[in-house]
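Right, one structure below, let's go through it.
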Amino acid sequence: MTMEAIVVNNLTKHFRKAYDKTLKGYFISLIKREKRYKEFTALNDVSFSIKKGESFAIIGKNGAGKSTLFKTLSGIIYPDSGDIQINGKVAPLIELGAGLSRDLTGAENIRLNCAIFGLDKERIEEVYPKIVEFSELEEFIHTPVKFYSSGMKARLGFSIAIHIDADIILIDEVLAVGDKDFKKKCYAKMEELRDSGKTLVIVSHSLKPLRKICDRALILERGKVVEIGEINEMIDKYQDEKKEKKAKKNKKGA
Amino acid sequence: MFADIMKYKELLYFLVHKEVRIRYRNSFFGFFWTLLEPLGLMVIYTIVFSLILNVDDSAKGQNIDHYFLYVLSGLIPWTFFNNSMKKGTKALSGSSSLIKKVYFPREIFPVTMLLSNLVNFIPAFALVIAVALIVGQPIYWDQLALLPAFILLQSVFILGLAFLVSVLNVFYRDVEFITNLLLRGWMYLCPIIYPISFVTESNNAMIQQFEWLYFLNPMAVIISLYHGILYQGQTAPLEYVGYSIGITLLVFIIGWVVFKRLNRRVGEVI
């Protein structure tokens, strides 16, 4: 048995900004002999590893490549180079209401998502009541998800993700919504999951709760790893940097 | 591929079930539209081609009794193909919310599309047999016994093309419009409103000369196989049946390879 849950080596991902996503656009740019796409490096030589049972945070500004990193980890996007080893089942919770189908009811969405993660029928029936209970959506469970508020969607998404028997849970910004009580409940659940030996990878803007949940953190800036280390150290560093930049800006302004 | 799909059979069942249920949601006749749609088309084509254009009369010489039944027996497999291709182009681009958020084998989407259309097609084809029994058209049971094989051949052909168009449509939405246009013309290149003997037993020198070209279209051959259940001499020559099986496998392999190759970038483009 390996000790690592996730090993990422020299991961690089370029995005092409298509100028025009039609055949017409393609031929026009072909005739004009212009470059058909602009390249943009979202991830640049990213390497890190996460141990089993560890809680790992990824912090960085908007556009630093956090979401791209998450999407490559969950298999939605293929990297251009480098490799990712994942030992165990991954439950990605990307953005709010990840993987929820708007026209389906909450109940149908629970079944659909469980099936997506490969749970069989009996197992789905087993976890279904637990998911409903945790989400506190009993009243609205037979309402199509399109009528849900963003907080309700986040609750449903989070409840599903923690009940699908995954070994590794990826959580991206989801907890920005939802009321205070539910947030508290989520953090408590995350701690519980961590203590039960699951691996958590969290991207969040609210840094405060991360100190409690996570063991280590990675600072990402413009697709590059700045530093990896102990959580409190990293958060302090990140915040100091921010303050420094702000101070510099203010100086310039003055 | 099949191992992957078996692993996700629960998901496949769920998606097919959802697809079939959503299709006729909020419609008064519900599932009956599966039968009403081809019946309605049958009435239209019979009026136009039998009463107005008199294809019926010249078909009499080619031994086509119950022209409307002939139209229906070709129209239903065609509708299966037509609807599958239309849905097929959107199989991936219509599921972007799922594709962007979670990973699972994306070949599930074209397969779901095929299966949900198959659920509609089979009762519709049973209708053809029922109508044939009612009007007293002889049924060739040895051909009817081969019906599962015909359906399989058509399904593989559809799936191969669906792999191709679904993934291409993610990159170029034009594929959707091109497919819809091609389907229009394609229908007239299949023996649906005219008997196949118009081509195989024609006195017109030009048609004789280009007969082989006509049968390069595997859908013409596949439709003719369905006709053979009710009408003798309406099946394409055997060598073309063999050719169609070959081309179907080729289309399937090409579709699969292209799908696998382009699939890598679907997550970021969609």
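What number of residues in the stretch A:94-123 are within 9 Å of chain B (Cβ to nearest Cβ) and in a strand (DSSP E or B)?
The total comes to 1.
Find the residue count for the stretch B:168-213, including only residues that are within 14 Å of another protein chain (Cβ to nearest Cβ) and out of contact with any Asp or Glu (no Cβ under 7 Å at 6 or more places or on another chain).
Residues meeting the conditions: 12.
Cβ-Cβ under 8 Å, sequence separation 6+ or interchain: first residue in the stretch A:62-74 and within 13 Å of chain B (Cβ to nearest Cβ) and touching a residue at least 40 places away in the same chain (Cβ under 8 Å), partner in a loop (DSSP other than H, G, I, E, B) and of a type in the set (V, I, T). Which pairs?
A:T68/A:I77; A:S74/B:V102
Test A:S47 against the stated conditions and say whether it is over 22 Å from A:I235 (Cα atoms) and surrounded by fewer than 17 Cβ atoms within 10 Å (Cβ to Cβ).
no
Going residue by residue through the stretch B:78-93, is there one that turns out to be in contact (Cβ under 8 Å) with a residue 40 or more places away in the chain, among the basic types (K, R) and within 14 Å of another protein chain (Cβ to nearest Cβ)?
No; the residues of the stretch B:78-93 include none that is in contact (Cβ under 8 Å) with a residue 40 or more places away in the chain, among the basic types (K, R) and within 14 Å of another protein chain (Cβ to nearest Cβ).
Spot the failing condition for B:S93; the list is (1) more than 22 Å from the chain's Cα centre (by Cα); (2) surrounded by 17 or more Cβ atoms within 10 Å (Cβ to Cβ), and only one is missed.
If we test B:S93 against (1) more than 22 Å from the chain's Cα centre (by Cα); (2) surrounded by 17 or more Cβ atoms within 10 Å (Cβ to Cβ), just (1) comes out false.
Restricting the search to the stretch A:143-178, which residues are part of a loop (DSSP other than H, G, I, E, B) and crowded, with 17+ Cβ neighbours inside 10 Å?
Result: A:Y148, A:I162, A:H163, A:I164, A:A166, A:E173, A:V177, A:G178.
With respect to B:G61, determine if the residue is exposed (fewer than 13 other Cβ atoms within 10 Å of the Cβ), over 20 Å from B:S116 (Cα atoms) and modelled with pLDDT of 85 or more.
no
Mind listing whichever residues of the stretch B:21-36 are within 14 Å of another protein chain (Cβ to nearest Cβ) and assigned to a helix (DSSP H, G or I)?
Residues satisfying the conditions are B:R21, B:I22, B:R23.
Working only within the stretch A:193-249, note down all residues that are among the aliphatic types (A, V, I, L, M), farther than 22 Å from A:L11 by Cα and touching a strand residue (DSSP E or B) at 6+ places or on another chain (Cβ under 8 Å).
A:L193, A:L207, A:L210, A:I213, A:I231, A:I235, listed by residue number.
Would you check if there is a residue in the stretch A:77-87 being within 7 Å of chain B (Cβ to nearest Cβ) and either surrounded by fewer than 24 Cβ atoms within 10 Å (Cβ to Cβ) or in a helix (DSSP H, G or I) (or both)?
So far as the stretch A:77-87 goes, yes, one or more of its residues are within 7 Å of chain B (Cβ to nearest Cβ) and either surrounded by fewer than 24 Cβ atoms within 10 Å (Cβ to Cβ) or in a helix (DSSP H, G or I) (or both).
Anything in the stretch A:124-142 that is modelled with pLDDT under 90 and not in a helix (DSSP H, G or I)? List them, or say none.
A:E136, A:L137
For the structure I just gave you, tell me whether B:N169 is buried (at least 16 other Cβ atoms within 10 Å of the Cβ) and assigned to a helix (DSSP H, G or I).
Answer is yes for this residue.
Residue by residue through the stretch B:243-270, note down the ones that are exposed (fewer than 14 other Cβ atoms within 10 Å of the Cβ) and away from chain A (no Cβ under 14 Å).
B:G246, B:L250, B:I253, B:V257
Given the criterion over 30 Å from A:V145 (Cβ atoms) and either in contact (Cβ under 8 Å) with a residue 60 or more places away in the chain or not in a helix (DSSP H, G or I) (or both), identify the matching residue among B:L153, B:L115.
One residue alone meets the criteria, B:L153.
Out of the stretch B:1-18, which residues are surrounded by 17 or more Cβ atoms within 10 Å (Cβ to Cβ) and more than 11 Å from chain A (Cβ to nearest Cβ)?
Of everything in the stretch B:1-18, just one residue is surrounded by 17 or more Cβ atoms within 10 Å (Cβ to Cβ) and more than 11 Å from chain A (Cβ to nearest Cβ), namely B:V16.
For A:K61, which of the numbered conditions (1) of a type outside the set (S, T, N, Q); (2) under 26 Å from A:S206 (Cβ atoms); (3) part of a helix (DSSP H, G or I) fails to hold?
The number of the failed condition is (3).
What residue, among those in the stretch A:180-228 that are at pLDDT below 85 and of a type in the set (S, T, Y), is nearest to the chain's Cα centre (by Cα)?
A:S204
Among (1) closer than 22 Å to B:D142 by Cβ; (2) surrounded by fewer than 16 Cβ atoms within 10 Å (Cβ to Cβ), which single condition is B:Y240 missing?
Failed condition: (2).
For the stretch B:64-87, indicate whether the set of residues that are of a type in the set (D, E, K, R), over 18 Å from the mean Cα position of the chain (by Cα), loosely packed, with under 13 Cβ neighbours inside 10 Å and at pLDDT below 85 is non-empty.
no
How many of the residues making up the stretch B:202-234 are in contact (Cβ under 8 Å) with a residue 40 or more places away in the chain and either outside any helix (DSSP H, G or I) or β-branched (V, I, T) (or both)?
Residues meeting the conditions: 9.
Counting only residues that are more than 7 Å from chain A (Cβ to nearest Cβ) and assigned to a helix (DSSP H, G or I), which one in the stretch B:98-112 is surrounded by the most Cβ atoms within 10 Å (Cβ to Cβ)?
So, considering only residues that are more than 7 Å from chain A (Cβ to nearest Cβ) and assigned to a helix (DSSP H, G or I), the one surrounded by the most Cβ atoms within 10 Å (Cβ to Cβ) is B:P110.
Mind listing whichever residues of the stretch B:3-29 are touching a Lys or Arg at 6+ places or on another chain (Cβ under 9 Å) and closer than 22 Å to B:I76 by Cα?
The one that is touching a Lys or Arg at 6+ places or on another chain (Cβ under 9 Å) and closer than 22 Å to B:I76 by Cα: B:E19.
I'd like to know if the stretch B:155-173 contains one or more residues that are closer than 19 Å to B:Y45 by Cα and either at pLDDT below 90 or of a type in the set (A, V, I, L, M, F, W, C) (or both).
No; the residues of the stretch B:155-173 include none that is closer than 19 Å to B:Y45 by Cα and either at pLDDT below 90 or of a type in the set (A, V, I, L, M, F, W, C) (or both).
The values are calculated or read from the model by the stated rules, or taken from the named source; none is laboratory data. Not measured: the values here are computed from a predicted model. With ideal geometry, Cβ positions are generated from the backbone for all residues, glycine too; neighbour counts draw on all protein chains shown.
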